1. In region 233-266, which residue that is more than 18 Å from ALA106 (Cα to Cα) and among the basic types (Lys, Arg) is surrounded by the fewest Cβ atoms within 10 Å (Cβ to Cβ)?
2. Looking at GLY203, GLY248 in this structure, which one is on the phi > 0 side of the Ramachandran plot and assigned to a loop (DSSP other than H, G, I, E, B)?
3. Which numbered condition in (1) polar (S, T, N, Q); (2) in contact (Cβ under 8 Å) with a residue 40 or more places away in the chain; (3) assigned by TED's automatic domain parsing to the domain that holds ARG13 is the only one that THR146 fails?
4. Every residue in region 66-82 that is in contact (Cβ under 8 Å) with a residue 12 or more places away in the chain and either in a loop (DSSP other than H, G, I, E, B) or aromatic (Phe, Trp, Tyr) (or both), please.
5. Quick one: is LEU14 under 22 Å from GLU137 (Cβ atoms), part of a helix (DSSP H, G or I) and hydrophobic (A, V, I, L, M, F, W, C)?
6. For MET126, work out the one condition from (1) under 30 Å from ARG184 (Cβ atoms); (2) assigned by TED's automatic domain parsing to the domain that holds GLN21 it doesn't fulfil.
7. Just need a number here: residues in region 221-232 that are touching a strand residue (DSSP E or B) at 6+ places or on another chain (Cβ under 6 Å) and either surrounded by fewer than 24 Cβ atoms within 10 Å (Cβ to Cβ) or among the basic types (Lys, Arg) (or both).
8. What residue, among those in region 175-219 that are hydroxyl-bearing (Ser, Thr, Tyr) and over 14 Å from the mean Cα position of the chain (by Cα), is nearest to ALA260 (Cα to Cα)?
Amino acid sequence: MLPAADRVALFRRLALEAGAQIMQVYDSADMGVESKADDSPVTRADQLADDVISAGLRAQMPDIALVTEEQAATHGATAATFLIVDPLDGTKEFIQRRGDFTVNIALVEDGVPVAGIVYAPAKGRMFYTAADGTSVEEIGPFDPDTPGETRPLALSAPNADALIVVASKSHRDAATDAYIARYRVADMRSAGSSLKFCLVAAGEADLYPRLGRTMEWDTAAGDAVLRGAGGQVLRFDDHTPLRYGKPGFENPFFIARNPAVTLVAPE
């Protein structure tokens, strides 16, 4: 296992290198869009980013199991400690050139995402867990070899009568809206991909409910960032912490929150 500081540097460099590959495709005329077996979209950028990240992780952390969305052969992995990657989360946002897509790399130990990075190259935002386990946002200029200025992520002090809720742009449904309606909401914000976790971690939102299908690679890095800022990601059904390393790597419905928000019981 790499020392924590070296792991942070590795995750950061690989996320930036993958982001550069993604942006080349994003700015091109042909994104190379195809459909997977489940009819979800995939682009040239997904594969290029996965190639960069997988090669770097396997070279520097060869003793740790790797699970990545784009490599089906890794989806049968069973390990207490593993790396989990979504090289391009928010492919629909990417294809529509809306900018809300991210690079995600995380380390899971005993069911808990203990380290992660979320990089949104089109938004110019990068969030990650530092070597001491706390979470930060790097301000820039995003040199792969030299970290820029960072600021600690701090949860907001939510107003129970005026919560800020963030929800998906591409996966919003009636069940989610019905659940959100049970709170006193001052503002609704839409965001794609794992950025929603980071908005809660940065104090820009208080609550992010997800009543839809997600996989662990969609959530692990953002979950790590939120936990490092003092937030929580809980199962929707019983409000216990979301665990990782589940068979098939599929998540139940969940709620990401500032712990100062009192959750309503599921109906």
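The values are calculated or read from the model by the stated rules, or taken from the named source; none is laboratory data. Predicted, not measured: the structure shown is a model, and the values here were computed from it. We place every Cβ from the backbone using ideal geometry, glycine too, and count neighbours over all the protein chains shown.
1. Top of the filtered list is ARG235.
2. The unique qualifying residue is GLY203.
3. Of everything listed in (1) polar (S, T, N, Q); (2) in contact (Cβ under 8 Å) with a residue 40 or more places away in the chain; (3) assigned by TED's automatic domain parsing to the domain that holds ARG13, THR146 misses just condition (2).
4. GLU69, GLU70, GLN71, HIS75, ALA77, THR78, ALA79, ALA80, PHE82
5. yes
6. (1)
7. Result for region 221-232: 1.
8. Top of the filtered list is TYR183.
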